[in-house]
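Student: Supplied in structure tokens, the structure appears directly below.
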Amino acid sequence: MKNIRVDLYSDTQTRPTPEMRRAIAEAEVGDEQKGEDPSVNALCAKVAKLLGKEDAVFLPSGTMCNEIAILVHCRPGDEILADRSAHILNFEGGGPAALAGAQIQPLPGVAGIFDADDVEAAVRTKSRYFPRTRLLSVEQTANIAGGTVWSVAEIEAVTGAARRHGLATHMDGARLLNAVVASGVAASEFAAPFDTVWIDLSKGLGCPAGAVLAASTEFIQEVWRWKQRIGGALRQAGILAAAGVYALDHHVDRLCEDHANARRFAELIADCPGIKVEPTVIPSNMVYIDVSATGLSSAELNQKLEAQGVRLSAIDASRLRAVTHLDVSREQIEEGASVLRRTLESIAA
Ligand SMILES: *Cc1c(COP(=O)(O)O)cnc(C)c1O
């Protein structure tokens, strides 16, 4: 947006850098759906290796990764277990129900992290009355819960419970690489207990579009059928894949700057009147702000900020979210925090 100087709306707001645009301009391309785009093939091989899986497929968006993975894992009437804050439950237009005919049972996680007991309690016994519990989905990082990072132990506990009951396992890794940088754990180690896992290129990695879903060779063959069927098979997609390869080489380690900026933003606004910063320790690149005590809704407060060139997002009626990314500098963090402080002080006065 034109008159927004500090855009903390989402890490989807990044524009390709000049170097990324050069990689896009110079990309070798071919017919992606025939398997003849060398840049897409290189990206998929790179992501499969990064995630420790046999194969991978390029898709236009993270949402399509989730929906196609669910289509392959589930039959109509099946049930998916996911945290109540999960993207597949709240932000995909009811896709699992509309496309796969699967329902989601929300689990009562704390900051997006549920445990093995929650999984055990949710799995249905086998009965003709009940839906068949089929799939466990874990979001890394847990977005709407605060950008929380699942530890390997927490992941192993819930996927262990899932496997004991014969469930398949899926990781929504939209921000898996933020978790990698925040924790020092390898992406393949986080991904190991999952049958399917994907990363988004268009969030913190700064690409214009695209996501890559990784799994076994056999699973990816079935993914291709759906990719073709729903119109996700592309032609010279190498221009997008080249951005992805560039980002994996140049934009991963720097995610720690986004995390430091999110921590700095939280520090700068912590004692502003009328708000509560959540979580108190910032795990990755997101800061959630409860604004209930200001007497304004999150949308009303955000409008006041936007009028001054600073944009956050209203996640629900009482919470604003600030997300740091490639296109937000330390100076912009400081400007954003001071605009928020001035606004809150004038509301309180
Ligand atoms: C953004 C996001 C998605 C969807 O990715 P798109 O590329 O925007 O379709 C899925 N899951 C989570 C956790 C996300 O944050």
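The values are calculated or read from the model by the stated rules, or taken from the named source; none is laboratory data. Note that the structure is predicted; figures quoted are calculated from it, not measured. Cβ atoms come from the backbone with ideal geometry, glycine included; neighbour counts cover every protein chain shown.
Student: Going through ALA162, ALA122 one at a time, which residue ends up being hydrophobic (A, V, I, L, M, F, W, C), crowded, with 22+ Cβ neighbours inside 10 Å, away from the ligand (no atom under 16 Å from the Cβ) and at pLDDT 95 or above?
Tutor: Values: ALA122 fails: crowded, with 22+ Cβ neighbours inside 10 Å.
Exactly one of ALA162, ALA122 is hydrophobic (A, V, I, L, M, F, W, C), crowded, with 22+ Cβ neighbours inside 10 Å, away from the ligand (no atom under 16 Å from the Cβ) and at pLDDT 95 or above, namely ALA162.
Student: In segment 234-256, how many are in a helix (DSSP H, G or I) and surrounded by fewer than 17 Cβ atoms within 10 Å (Cβ to Cβ)? If you could, list the steps in order and put the result at the bottom.
Tutor: Filtering segment 234-256 for residues in a helix (DSSP H, G or I) gives 238-250, 255-256.
Cutting the leftovers down to surrounded by fewer than 17 Cβ atoms within 10 Å (Cβ to Cβ) gives us 249-250, 256.
Total meeting the criteria: 3.
Student: Just one of (1) surrounded by 22 or more Cβ atoms within 10 Å (Cβ to Cβ); (2) under 22 Å from ALA45 (Cβ atoms) trips up ALA186, so point out which.
Tutor: So the condition that ALA186 fails would be (1).
Student: Let me ask you something else. I want to confirm something. Restricting to segment 80-112 and keeping residues that are touching a helix residue (DSSP H, G or I) at 6+ places or on another chain (Cβ under 6 Å) and over 17 Å from ALA168 (Cα atoms), which single residue is nearest to the ligand (Cβ to nearest atom)?
Tutor: The extreme case among them is GLU92.
Student: Kindly check whether there is at least one residue in segment 262-271 that is over 23 Å from the mean Cα position of the chain (by Cα) and outside any helix (DSSP H, G or I).
Tutor: Filtering segment 262-271 for residues over 23 Å from the mean Cα position of the chain (by Cα) gives 267-271.
Subset that is outside any helix (DSSP H, G or I): 270-271.
Yes, segment 262-271 has at least one match.
Student: Yes or no: segment 134-144 includes at least one residue that is surrounded by 21 or more Cβ atoms within 10 Å (Cβ to Cβ) and among the acidic types (Asp, Glu).
Tutor: yes
Student: For HIS325, only one of the following conditions fails: (1) over 12 Å from VAL6 (Cβ atoms); (2) in contact with an Asp or Glu (Cβ under 7 Å, 6 or more places away or on another chain); (3) at pLDDT 95 or above. What is its number?
Tutor: Among (1) over 12 Å from VAL6 (Cβ atoms); (2) in contact with an Asp or Glu (Cβ under 7 Å, 6 or more places away or on another chain); (3) at pLDDT 95 or above, the lone unmet condition for HIS325 is (1).
Student: Could you figure out which of (1) more than 30 Å from GLN228 (Cβ to Cβ); (2) hydroxyl-bearing (Ser, Thr, Tyr); (3) touching a residue at least 12 places away in the same chain (Cβ under 8 Å); (4) away from the ligand (no atom under 13 Å from the Cβ) isn't true of TYR129?
Tutor: With (1) more than 30 Å from GLN228 (Cβ to Cβ); (2) hydroxyl-bearing (Ser, Thr, Tyr); (3) touching a residue at least 12 places away in the same chain (Cβ under 8 Å); (4) away from the ligand (no atom under 13 Å from the Cβ) applied to TYR129, the lone miss is (3).
Student: A further question on this structure: Answer with yes or no whether GLU67 is of a type outside the set (Val, Ile, Thr), in a helix (DSSP H, G or I) and within 28 Å of TYR129 (Cα to Cα). Full working, then the answer.
Tutor: Details: of a type outside the set (Val, Ile, Thr): yes; in a helix (DSSP H, G or I): yes; within 28 Å of TYR129 (Cα to Cα): yes.
Considered against the rule, which asks whether it is of a type outside the set (Val, Ile, Thr), in a helix (DSSP H, G or I) and within 28 Å of TYR129 (Cα to Cα), GLU67 comes out as yes.
Student: Any chance you could count how many residues in segment 20-63 are farther than 16 Å from SER202 by Cα and either among the β-branched types (Val, Ile, Thr) or not in a strand (DSSP E or B) (or both)? Step through it out loud before you land on a result.
Tutor: Within segment 20-63, the subset farther than 16 Å from SER202 by Cα is 22, 25-39, 41-42, 45-46, 48-56.
Then keep just the ones that are either among the β-branched types (Val, Ile, Thr) or not in a strand (DSSP E or B) (or both); that gives 22, 25-39, 41-42, 45-46, 48-54.
Final tally of qualifying residues: 27.
Student: Collect the residues in segment 1-31 that are hydroxyl-bearing (Ser, Thr, Tyr) and either more than 24 Å from ARG321 (Cβ to Cβ) or more than 16 Å from the ligand (Cβ to nearest atom) (or both), keeping them in residue-number order. Spell out the reasoning first.
Tutor: Narrowing segment 1-31 to residues hydroxyl-bearing (Ser, Thr, Tyr): 9-10, 12, 14, 17.
Across segment 1-31, the qualifying residue is only THR17.
Student: Are any residues in segment 32-73 among the hydrophobic types (A, V, I, L, M, F, W, C), more than 14 Å from the ligand (Cβ to nearest atom) and surrounded by 19 or more Cβ atoms within 10 Å (Cβ to Cβ), and if so, which ones?
Tutor: We begin by selecting, within segment 32-73, every residue among the hydrophobic types (A, V, I, L, M, F, W, C); these are 40, 42-45, 47-48, 50-51, 56-59, 64-65, 68-72.
With the extra rule that they be more than 14 Å from the ligand (Cβ to nearest atom), the set shrinks to 40, 42-45, 47-48, 50-51, 56-57, 71-72.
Matches in segment 32-73: VAL40, LEU43, CYS44, VAL47, ALA48, LEU50, LEU51, ALA56, VAL57, LEU71, VAL72.
Student: Can you name every residue in segment 119-154 that is among the charged types (D, E, K, R) and over 24 Å from the mean Cα position of the chain (by Cα)?
Tutor: GLU120, ARG124, LYS126, ARG128, ARG132
Student: If you take the residues of segment 198-217 that are assigned to a strand (DSSP E or B) and away from the ligand (no atom under 12 Å from the Cβ), which of them is surrounded by the most Cβ atoms within 10 Å (Cβ to Cβ)? Even if it seems obvious, please write down each step before you answer.
Tutor: First pass over segment 198-217, keeping only residues assigned to a strand (DSSP E or B): 198-200, 211-215.
Next, from what is left, pick out any that are away from the ligand (no atom under 12 Å from the Cβ): 214-215.
Working: ALA214: 30, ALA215: 27.
This residue is ALA214.
Student: Is there any pair with a first residue in segment 222-246 that is more than 15 Å from LYS34 (Cα to Cα) and in contact (Cβ under 8 Å) with a residue 24 or more places away in the chain and a second that is assigned to a loop (DSSP other than H, G, I, E, B) and β-branched (Val, Ile, Thr) whose Cβ atoms are under 8 Å apart and which are 6 or more apart or on different chains, and what are they?
Tutor: Listed pairs, sorted by first residue: ILE239/VAL29.
Student: Could you count how many residues in segment 272-293 are surrounded by fewer than 22 Cβ atoms within 10 Å (Cβ to Cβ) and over 29 Å from SER183 (Cβ atoms)?
Tutor: So the answer is 5.
Student: Further, regarding this structure: When you go through (1) part of a helix (DSSP H, G or I); (2) in contact with a Ser or Thr (Cβ under 8 Å, 6 or more places away or on another chain); (3) buried (at least 22 other Cβ atoms within 10 Å of the Cβ) one by one for THR12, which number turns out not to apply?
Tutor: For THR12, the failing item is (3).
Student: Scanning for something among the small types (Gly, Ala, Ser) and buried (at least 22 other Cβ atoms within 10 Å of the Cβ), does segment 314-335 turn up at least one residue? Full working, then the answer.
Tutor: Going residue by residue through segment 314-335, those that are among the small types (Gly, Ala, Ser) are 314, 317-318, 322, 329.
Next, only the ones that are buried (at least 22 other Cβ atoms within 10 Å of the Cβ) stay: 322.
Scanning segment 314-335 turns up at least one residue that is among the small types (Gly, Ala, Ser) and buried (at least 22 other Cβ atoms within 10 Å of the Cβ).
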